[in-house]
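Peer 1: The structure's right below; bear with me while I get my questions together.
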Amino acid sequence: YIAQNGIQLGFGALGTVEENVVSDNWYTGGFWVSTGVLAYDVDGTASEENTLVDDQVGVYIFGDSNEAEENTFDPNYWGIILWGDYNEASENDILCQSIGIDVYGNYNNVEENFIHGVDETQMCDIGILDEKDIGTGAGNEFEENEFDYVVDEILDPEPTTPLGSPFE
């Protein structure tokens, strides 16, 4: 099985993924996930003003000092996964089914995002999941979420492999 991704930057590449429409990336096998935009083992990349539709994960960032800004997610199972340090997710409009933004790392900045479910019958489970209780920003707006903000150090405080890593 191969977890197919829409657009991928990897292994030290630099770049900006901007103004694309990416859709229908799903992996039904075991532990991995498919993504609309994957930034894997990179530092200093950006995903800006993209439209991500019906992807398992809209934007998956694994690295440090990367940005996901002004993207539209309509709907995705996960909106954004930030795995690393000093990453930023800001001004995104995230319609999600499970988790809007999943944060695992230190000094990540998550602010001014609009995270919501479809309506009260199709809610997003968790707006922001902060897996290390590091405080992830301010100015986020929430609507039609089961939980807006959850701190969870109990899930797996020091996992050795990121959730859904397509290469491990």
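Peer 1: So, in region 78-96, how many residues would count as being surrounded by fewer than 24 Cβ atoms within 10 Å (Cβ to Cβ) and among the small types (Gly, Ala, Ser)?
Peer 2: 2
Peer 1: Would you be able to say whether some residue in region 70-77 is surrounded by fewer than 23 Cβ atoms within 10 Å (Cβ to Cβ), at pLDDT 95 or above and not aromatic (Phe, Trp, Tyr)?
Peer 2: Keep residues of region 70-77 that are surrounded by fewer than 23 Cβ atoms within 10 Å (Cβ to Cβ), which gives 70, 72, 74-75, 77.
Those left that are additionally at pLDDT 95 or above: 70, 72.
Keeping just the survivors that are not aromatic (Phe, Trp, Tyr) gives 70, 72.
Yes: one or more hits.
Peer 1: Listed residues 52, 95, 14; which is touching a strand residue (DSSP E or B) at 6+ places or on another chain (Cβ under 9 Å), farther than 21 Å from residue 122 by Cα and touching a residue at least 12 places away in the same chain (Cβ under 8 Å)? Working first, answer last.
Peer 2: Details: 52 fails: farther than 21 Å from residue 122 by Cα; 95 fails: farther than 21 Å from residue 122 by Cα.
Within the list 52, 95, 14, the selection yields 14.
Peer 1: Report the residue count in region 1-41 for those that are among the hydrophobic types (A, V, I, L, M, F, W, C), open to solvent by 50 Å² or more (accessible area, probe 1.4 Å), in a loop (DSSP other than H, G, I, E, B) and under 19 Å from residue 53 (Cβ atoms). Give the steps one after another, and end with the answer.
Peer 2: Taking region 1-41 first, the residues among the hydrophobic types (A, V, I, L, M, F, W, C) are 2-3, 7, 9, 11, 13-14, 17, 21-22, 26, 31-33, 37-39.
Still in the running and open to solvent by 50 Å² or more (accessible area, probe 1.4 Å): 2, 11, 14, 21, 26, 31-32.
When the remaining residues are screened for being in a loop (DSSP other than H, G, I, E, B), the result is 2, 11, 14, 26, 31.
Among the residues that remain, those that are also under 19 Å from residue 53 (Cβ atoms) are: 26.
Residues that pass the stated criteria total 1.
Peer 1: For region 49-88, give me the residue count where each residue is hydroxyl-bearing (Ser, Thr, Tyr) and not in a strand (DSSP E or B). Steps first, answer last, please.
Peer 2: Of the residues in region 49-88, the ones hydroxyl-bearing (Ser, Thr, Tyr) are 51, 60, 65, 72, 77, 86.
Keeping just the survivors that are not in a strand (DSSP E or B) gives 65, 86.
Final tally of qualifying residues: 2.
The values are calculated or read from the model by the stated rules, or taken from the named source; none is laboratory data. Only a predicted model underlies this, so the values are computations on that prediction, with no experimental measurement involved. All Cβ positions, even for glycine, are placed from backbone atoms using ideal geometry, and neighbour counts span all protein chains on display. Please note that ligands, DNA and RNA were not included when accessible areas were found on the heavy atoms of the full protein model with its side chains. Shrake-Rupley method; radii C 1.70, N 1.55, O 1.52, S 1.80 Å.
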